[in-house]
Amino acid sequence: MLKKEKISKIKILSDEWFDSRLGKFTSSEIHFICSDKFLTTGFLSYVYRKVGEVLTGKSGKGEIDTEATRWGAYHEADAIKKLAKHLGLDYMVCQQLITETGSRFGSTPDGIIVNRESADKLQYDVTPAEIKCPPTYANYIGLALCETPQDLKKEDKIYYWQVLDQMDNCDSLNGYFGAYHPEFMQGNMRIIEFRKMQEVGIERSSYNGEEKTTEIKFPIAKDLAFLKERKKMAVELFDEVKEKLILLGKY
């Protein structure tokens, strides 16, 4: 369950929001540490950037402002409302930074569904939700044709790992991914539910011209365990690199 103290009241994209994310591994970029091979160039660059943010107090990545990001931001609120309506919800917590003091991780899901409150009133059972509104028809259709989390993993691993990391940060058993395009008169939204204890996933591979189909038991639970291990490795490397730089001193 999600501790209430981890739910901030910081407004997204505010100066405080950017400052609170300095040096933290966030869901939107967690894919950098989730490649099949360990210590890839992307993994190292991401860790180095986060160390640099801590030692400088400045973000190592400029804010991205493109026509595509503006399109997504503009239509996101409508997409969240449609997701809530589809799920029969009257209320959803939107775009709140989830983190805690001393943590090396943070996440800002587009929506958080509060299922119930714990008996001690200190935690919530929640389900995070992430919405994407790609402006191009090709990118939207690619996402819209995904029916399962495993389909999404093949289509766009960045979004797949983003949802899993939101589930991990919120200590949730479930999560949602939505793709939305307002200009489609039909088929303008796809909603995919992630369930940690989903029983079977299908993995297809080809060898010597023959296609092989393998059933994977609890694929999301398996990937969540993999994610947790990689996050542990990232923090260990972060601490090691930071300590070495500190020992260099200042000239």
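Here is how the numbers come out for the structure above:
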item	result
Index of the failed condition, LYS50 passing every other in (1) surrounded by fewer than 19 Cβ atoms within 10 Å (Cβ to Cβ); (2) under 26 Å from PHE32 (Cα atoms)	(1)
Matching residues, the stretch 1-30, being within 18 Å of ASP110 (Cα to Cα), in contact (Cβ under 8 Å) with a residue 40 or more places away in the chain and part of a helix (DSSP H, G or I)	LYS4, LYS6, TRP17, PHE18, SER20, SER27, SER28, ILE30
Test result for ASP165, touching a residue at least 60 places away in the same chain (Cβ under 8 Å), out of contact with any Gly (no Cβ under 7 Å at 6 or more places or on another chain) and not in a strand (DSSP E or B)	yes
Answer residue from the stretch 212-248, given it is of a type in the set (Lys, Arg) and over 19 Å from the mean Cα position of the chain (by Cα) and is nearest to PHE25 (Cα to Cα) among those	LYS242
Residue check, SER45 in contact with a helix residue (DSSP H, G or I) (Cβ under 7 Å, 6 or more places away or on another chain) and at pLDDT 85 or above	no
The one condition in (1) at negative phi; (2) more than 19 Å from the chain's Cα centre (by Cα) that LYS121 fails to fulfil	(1)
Search result, residues across the stretch 63-76 that are among the hydrophobic types (A, V, I, L, M, F, W, C) and either at pLDDT below 85 or loosely packed, with under 14 Cβ neighbours inside 10 Å (or both)	ILE64, ALA68, ALA73
Subset of the stretch 96-117 [of a type in the set (S, T, N, Q), in contact with a Lys or Arg (Cβ under 9 Å, 6 or more places away or on another chain) and either surrounded by fewer than 18 Cβ atoms within 10 Å (Cβ to Cβ) or without any contact (Cβ under 8 Å) to a residue 12 or more places away in the chain (or both)]	SER103
Pairs where the first residue, in the stretch 222-235, is farther than 19 Å from SER45 by Cα and the second is aliphatic (A, V, I, L, M) and in a helix (DSSP H, G or I), C-beta under 9 Å, 6+ apart	ASP223/LEU164; LEU224/LEU164; LEU224/MET167
From MET92, MET167, residue being modelled with pLDDT of 95 or more and surrounded by 14 or more Cβ atoms within 10 Å (Cβ to Cβ)	MET167
Members of the stretch 74-116 that are of a type in the set (D, E, K, R) and closer than 16 Å to MET189 by Cα	GLU76, ASP78, LYS81, LYS82, LYS85, ASP110
Unique residue being in contact with a Lys or Arg (Cβ under 8 Å, 6 or more places away or on another chain), among the β-branched types (Val, Ile, Thr) and in a strand (DSSP E or B) when the list is ILE131, ILE216	ILE216
Which listed residue is without any contact (Cβ under 8 Å) to a residue 60 or more places away in the chain and in a loop (DSSP other than H, G, I, E, B), from LYS81, LYS61, LYS85	LYS61
Residue tally, condition part of a loop (DSSP other than H, G, I, E, B) and either hydroxyl-bearing (Ser, Thr, Tyr) or touching a residue at least 40 places away in the same chain (Cβ under 8 Å) (or both), over the stretch 40-58	1
Qualifying residues in the stretch 195-229 (those that are in contact with a Ser or Thr (Cβ under 9 Å, 6 or more places away or on another chain) and of a type outside the set (S, T, N, Q)) - the one modelled with the highest pLDDT	LYS196
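The values are calculated or read from the model by the stated rules, or taken from the named source; none is laboratory data. The model shown is predicted, which means the values in this text are computed figures rather than measured ones. As a convention, Cβ positions derive from the backbone with ideal geometry for all residues, glycine included, and neighbour counts pool all protein chains shown.
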